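First up is the structure itself, then whatever we jot down about it.
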Amino acid sequence: MAPADDRRTFSIRQLCREFDVTARALRFYEDKDLLHPGRRGQTRVYSARDRARLQLILRGKHVGFSLVEIREMLDLYDRKDGNAIQMAVSLAKFRRQLDELKRKREDIDAAIETLSTGCTWLEGRLSEFRPDLLPQADDYAAALRAHLGDDEDDLYDHPKTARSRS
């Protein structure tokens, strides 16, 4: 950032609009000691540094870091060492988070496979007993619930749907 940009200030409204966050979220980050706006009377005045920190907070949250982890990385900012310590700590945290996200993706892929297998089995069963329900099974179930009431047990006890329980 150029020196003139370093002195630029932002209102809470400007940052809310730019980053699509609420004023309450900004105050929350302030309470968590992540942002440090100045004051002009009762009005919060955010610096270019606060703006940059907010951007990093939101990026960190997006990739799954906790606010504690984000604060740990932000608090290491030090221009004197060219941010070397901050970058080294961040790199280690990034790599751990990347491994965690890959593990979660594997779990999600397994869950998707389980659900896909279940859908295939259910479609097969429906095609044997009630092929007319296959394209709109969700609509049929919703209509039955509306007709019979929201009690799911009633849905399966109804004579027209008793076969689908087995």
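The values are calculated or read from the model by the stated rules, or taken from the named source; none is laboratory data. Note that the coordinates shown come from a computational prediction; the quantities given were computed from them, not determined experimentally. Methodologically, a virtual Cβ is constructed for each residue, glycine included, from the backbone with ideal geometry; neighbour enumeration extends over all protein chains shown.
Looking at this structure, is Arg39 outside any helix (DSSP H, G or I), of a type outside the set (Gly, Ala, Ser) and surrounded by fewer than 13 Cβ atoms within 10 Å (Cβ to Cβ)? For Arg39, the condition - outside any helix (DSSP H, G or I), of a type outside the set (Gly, Ala, Ser) and surrounded by fewer than 13 Cβ atoms within 10 Å (Cβ to Cβ) - is met. For first residues located in the range 21-32 and more than 15 Å from Lys61 (Cβ to Cβ), partners that are among the β-branched types (Val, Ile, Thr) and lie 6+ apart or on another chain with Cβ distances below 6 Å form the pairs Ala23/Ile12. What is the residue count in the range 22-35 for residues that are in a loop (DSSP other than H, G, I, E, B) and either in contact with a Cys (Cβ under 8 Å, 6 or more places away or on another chain) or within 12 Å of Arg51 (Cβ to Cβ) (or both)? Residues flagged as in a loop (DSSP other than H, G, I, E, B) and either in contact with a Cys (Cβ under 8 Å, 6 or more places away or on another chain) or within 12 Å of Arg51 (Cβ to Cβ) (or both) within the range 22-35 amount to 2.
Do we find that Glu128 is more than 30 Å from Phe28 (Cα to Cα), out of contact with any helix residue (DSSP H, G or I) (no Cβ under 8 Å at 6 or more places or on another chain) and modelled with pLDDT of 75 or more in this structure? Talk me through it step by step, then tell me what you get.
Values: more than 30 Å from Phe28 (Cα to Cα): yes; out of contact with any helix residue (DSSP H, G or I) (no Cβ under 8 Å at 6 or more places or on another chain): yes; modelled with pLDDT of 75 or more: yes.
The answer is yes for Glu128.
Among residues that are under 26 Å from the mean Cα position of the chain (by Cα), surrounded by 15 or more Cβ atoms within 10 Å (Cβ to Cβ), farther than 30 Å from Ser11 by Cβ and not hydroxyl-bearing (Ser, Thr, Tyr), Lys93 is included.
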